Amino acid sequence: MSDDTYDLEKANKLFGGENMITKRKNLKDEEVIDNIIKYVEKIKKFNASNIFTIVSQIFLSVAFVCLLCNFAISGSFDWSLYPVGGLLLVWFTIIPIFFIKKHIVFISMGIMTVGLIPYLFLIEYLFSAKGWVLPLAIPIAASALMAALIVISLFLYTKIIIYYDVAITCLLFGVITNIIINTIVYNYVKDKEIYMPVVITTLSFAFISFLIFIIGYLRKENI
């Protein structure tokens, strides 16, 4: 066997061994990375659970203090049900933040929408005036929540420029929702008089919305 052939075989063995070592190193690196990812996910879940527990304890403590003060002063539970009901509504609304990864905003809004109805009836039960939830409060809440849902969808799921998002937001809340809510209130109180502050507010938001839209269009054309 010539020296060249011997050197070639030695080199092949050597490089083959180095390849084996490299593969083992790569395998170990992948295992380390996988372990790190699993550990981080575990820490996230652990932290989320702990934070939710702490927040729940804070809510529970505040509710208990309200109930205790109410009972100590008047011997019954009346005004304390306002904050307790609100705390309960907020607590249910923030649950998806800690335990759900996708569509958190929409799930939270859905929970808030469902929970808002019994809370409004609770307020009506505690309040002296009756019969205003169905014809007044729920339509107002529904129109505001619908506008908020549209705006959130635009910001999260569309790629239109920020100027258009802001312009649509001003148009929805300052003009459309403003008109709807005032119409609901006018129909409830049986008042057909048109108030100038409402008109001024509506026209102002319409102008601001148009102005922001124009600015966004000009910026888009210059890009």
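Could you calculate the FRET efficiency of Phe52 with Lys192 from 1/(1 + (r/R0)^6), where r is the beta carbon distance between them and R0 is 41 Å, rounded to 0.05?
Once the sixth-power term is evaluated, E becomes 0.25.
Take Phe207 and Leu87, extend 7 Å from each Cα along the Cα→Cβ direction, and tell me the distance between the two endpoints in nm.
4.7 nm
Between Cys69 and Phe106, what is the spin-label point distance in nm, taking each point 7 Å from the Cα along the Cα→C-beta axis?
The answer from the label model is 4.0 nm.
Using only the Cα atoms, what convex hull volume per residue in Å³ does the stretch 175-223 have?
Once divided by residue count, the hull of the stretch 175-223 is 51 Å³.
Per residue, how much accessible surface does the stretch 75-135 expose to a 1.4 Å probe? Answer in Å², no decimals.
62 Å²
Over the stretch 139-223, with the other protein chains present, what is the accessible area per residue in square angstrom, probe 1.4 angstrom?
68 Å²
Using 0.36 nm per residue, how much length does the chain from Trp132 to Asp78 gain when fully extended, once their Cα-Cα distance is taken away?
17.5 nm
Quick one: net charge around Ile161, please, counting Lys, Arg +1 and Asp, Glu -1 for every other residue with C-beta under 10 Å from its C-beta.
Its environment carries a net charge of +2.
Going 7 Å from the Cα of Thr113 along its beta-carbon direction, which residues of the stretch 153-185 have the amide nitrogen within less than 15 Å of the resulting point?
Zone members listed by number: 153-154.
Using the alpha-carbon centroid of each, what span in Å lies between the stretch 88-145 and the stretch 163-177?
When both Cα centres are located, 23 Å separates them.
The values are calculated or read from the model by the stated rules, or taken from the named source; none is laboratory data. Computed from a prediction, not measured in an experiment: that's the story for all the values here. Don't worry about glycine lacking a Cβ; one is built from the backbone with ideal geometry, like all the others, and counts go over all protein chains shown. Quick note on the areas: whole protein, heavy atoms, side chains included, nothing else; ligands and nucleic acids left out. Shrake-Rupley method; radii C 1.70, N 1.55, O 1.52, S 1.80 Å.
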